[in-house]
Amino acid sequence: MTPDARAARDVPSDSNAASGAEDTRSQLDSLRERISDVDERLIRIIGERRDLVIEIGRIKAILDLPVMDPAREATVVRRAAVRARELGVDEEMTRDVIWRIIASARATQEERPAGWPEQPTATQGDSPES
C-alpha cells in the first residue's frame, strides 16, 4: 500500500464523523431521559416524605409536642451526611437539601408557607439563582 493510500485510510470520512456525532447525540438524549426519570422519582419521594410529615404533625398535635425538635433534626442531617459520604455523594449538598426539606416539614406542621422565614427576601440582594 502506498503512503498516500495509507493516509487516506486513516482519515475519518465525513460519514464516519456524522455517524459518531449521531451516536453521541443519542447518548446525550438517553442520559437526559434518565435524569428526567430520576427527577420523577425524587419528586415522588419528596411527596411521600411530605405525607409522612403531615401525619407526624397530627400526632405531635395530639400529644401536645412542639413542632420543632432540634435534636431530632440534627440527627437526621448527621445520618444523611454520613450516608452521603459512604456513597461518595457531596456531603454539603446533602446537608443543604436535608435542611431545606426539614424547614419545609416544619412549615407544613406549623401550617405556614414553605420557606418562611428561612427564605431570603429579594430586598436582601440575594438572587434565588445565587
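Within the range 3-105, considering only helices (runs of 4 or more DSSP H) that don't extend past its boundaries, which have at least 1 residues that are out of contact with any Lys or Arg (no Cβ under 6 Å at 6 or more places or on another chain) and at pLDDT 90 or above?
Filter on the range 3-105 gives 14-63, 70-87.
Does residue 67 count as β-branched (Val, Ile, Thr) and more than 15 Å from the chain's Cα centre (by Cα)?
On the way: β-branched (Val, Ile, Thr): yes; more than 15 Å from the chain's Cα centre (by Cα): yes.
So residue 67 fits the description; yes.
The values are calculated or read from the model by the stated rules, or taken from the named source; none is laboratory data. No experiment lies behind these values; they were computed from the predicted model shown. Every residue, glycine as well, gets a Cβ built from its backbone with ideal geometry; the counts of neighbours run over all protein chains shown.
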